[in-house]
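Below is one structure, written out as C-alpha cells; the observations come after it.
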Amino acid sequence: MDLKQIAKDTAKVMSSYLTYQAMRIVVSQLNETNPPLAYWLQNFSATAKIQDGEAYIETLLQEKPDLAIRIMTVREHIAEEITEFLPEMVLTGIMQANIDHRKQYLERTVTGLPLLDSTPETETERESG
C-alpha cells in the first residue's frame, strides 16, 4: 500500500472537486451580474473536462483568462477555509459510515437466520411431545 500515492491521488481529486465548486460559485455570481457570461461558462464547463480541474483551468485560460483566474481565486479561498477542519470531518465521516454499514450488515445477518421459538413450553406440551 503506497500511502503517499494515495494521498497524491486524493489531493488531485479534492483539487478537481474544489475547481468544480468554484466554477459553480462563479456561475452563480455571474447570473446576477452578467447572465450571458454565466451562460457561456455553463456551456464551456459542460463540454470541458471539469473532472480534471487542472486541465479545465488550462483550457479556460486559453478561452477566457479572466474567468480562469477568478475560478482559481475562488478555489484557493475555498481550500483555505476548509483545510482546517476537513481532515477531521473526513475521518469522522468515514468512521461513522463504517459503523452504519457494519450495523446494517449485522442486522441483515441476524434477521436472515431462522428465528428460534422463544415461547416457553408448558408442562403438558413437554409431556405430550
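The values are calculated or read from the model by the stated rules, or taken from the named source; none is laboratory data. Remember, predicted model here, so these are calculated numbers, not experimental data. Reconstructed Cβ throughout: ideal geometry from the backbone, glycine too, with neighbour counts over all protein chains shown. For the accessible areas, the whole protein counts, side chains as well, though only heavy atoms, and no ligand, DNA or RNA atoms are used. Shrake-Rupley method; radii C 1.70, N 1.55, O 1.52, S 1.80 Å.
Quick look at the numbers
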| read-out | value |
| --- | --- |
| Residue that is part of a helix (DSSP H, G or I) and touching a residue at least 24 places away in the same chain (Cβ under 8 Å), where the choices are A55, A79 | A79 |
| Selection from the stretch 54-87 of residues that are under 23 Å from the mean Cα position of the chain (by Cα) and of a type in the set (G, A, S) | A55, A79 |
| Evaluation of V90 against (1) in contact (Cβ under 8 Å) with a residue 24 or more places away in the chain; (2) within 15 Å of the chain's Cα centre (by Cα) (one fails), failing number | (1) |
| Single unsatisfied condition, V26 versus (1) of a type in the set (A, V, I, L, M); (2) part of a helix (DSSP H, G or I); (3) surrounded by fewer than 18 Cβ atoms within 10 Å (Cβ to Cβ) | (3) |
| Test: residue in the stretch 37-50 that is open to solvent by 80 Å² or more (accessible area, probe 1.4 Å), among the hydrophobic types (A, V, I, L, M, F, W, C), over 18 Å from M72 (Cβ atoms) and in a helix (DSSP H, G or I) | yes |
| Of residues in the stretch 62-76 being open to solvent by less than 80 Å² (accessible area, probe 1.4 Å) and part of a helix (DSSP H, G or I), the one farthest from Y17 (Cα to Cα) | P65 |
